[in-house]
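Bear in mind that the values in this text are calculations on the coordinates, not laboratory data. In this text the structure is predicted, and so the values were computed from the model without any measurement. Please note: Cβ atoms are built from the backbone with ideal geometry, for glycine as well, and neighbour counts cover all protein chains shown.
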Amino acid sequence: MTKKLCWNKNQDELLGYFAEGLLSVKEQKAIAHLIKDDLALQEEVRIQKEIAKLITPENLPTVPKHVIQNAKNLVHQPFGTRVWSLVVHFTKDAVKMFKSDGVFVNPILSYAQPLRGQTAQNPKTILIKKDFSAVGIQVEIERAQNSTNRIVICAQDLKTHTPVNDFRITLLENDMELESHITDKGKTNFENMRDGRYVVDITATHHPIARISLELYQE
């Protein structure tokens, strides 16, 4: 491996390559000349060489084959078109509008209500439903008095009309995981969410079900 010599910008990197003998003969000689009167750099090279001796295939941890295969399965099964975008705007008294390629659900007919033991909705609650393969996903967004939001996500088998358990629901903001739960009796919820942009990933064993892009705003 030959690296272009650029001492001022890449001193630490070049010292590492020098210590491991990865530079060209000309570059090795140039680095040796530069550090011959600098004891600090010589010590750094010595340390780099000691570290290089420790990093051998025998010293590296072995990753189980099933872990590698599971990772490959996830990579080869992207979400693709299973992305659901929701945009919800709140006004002083109610939900003003929402944008979604899902269907607005009548609260009386929704399957979130029996699961939660409720029969009525307040003016600042919205329910949206979308089907993914054999699974129906419903998102319930409830605006609290303190202007935070409660998100309830329910999963139902479209054939048996029964709650789907053991789905993992993960909430992310700016690619950072905030919470992750397993569905219990077909649902999970996220409390005290402030307005903003989020992503909700819904996955079953080894494969994704849906990804929800969620935007919440106060007008």
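Checking the cross-link filter: which aspartates and glutamates have an alpha carbon closer than 15 Å to that of Lys36, excluding same-chain neighbours under 8 positions apart?
Straight-line reach from Lys36, under 15 Å: Glu27, Glu44.
For the stretch 163-219, run through the trypsin sites (Lys or Arg not before Pro) and keep only the ones in DSSP coil with at most 14 other Cβ atoms within 10 Å of their Cβ.
Lys185, Arg194
Using +1 on the beta carbon of Lys and Arg, -1 on that of Asp and Glu, and nothing else charged, what's the dipole of the stretch 11-54 about the Cα centre, debye to 20?
It comes to approximately 240 debye.
Where a Cα-Cα gap under 15 Å defines reach, which aspartates and glutamates qualify for Lys159, not counting those fewer than 8 residues away within the same chain?
Asp131
For the cross-link pairs Lys124/Lys185; Lys65/Lys130; Lys29/Lys53; Lys130/Lys185, which exceed 28 Å when the distance is taken from alpha carbon to alpha carbon?
Lys65/Lys130
So, by mean Cβ neighbours within 10 angstrom, what's the order for 126-132, 44-50 with the highest one leading?
In decreasing order of mean packing, 126-132, 44-50 become 126-132, 44-50.
Is the stretch 11-54 best put as rounded, prolate or oblate by its Cα gyration tensor, with a ≥ b ≥ c the root eigenvalues, rounded for a/c under 1.5, and otherwise prolate when a/b is larger than b/c, oblate when not?
Oblate shape, in that a/c is at least 1.5 and b/c is the bigger or equal ratio.
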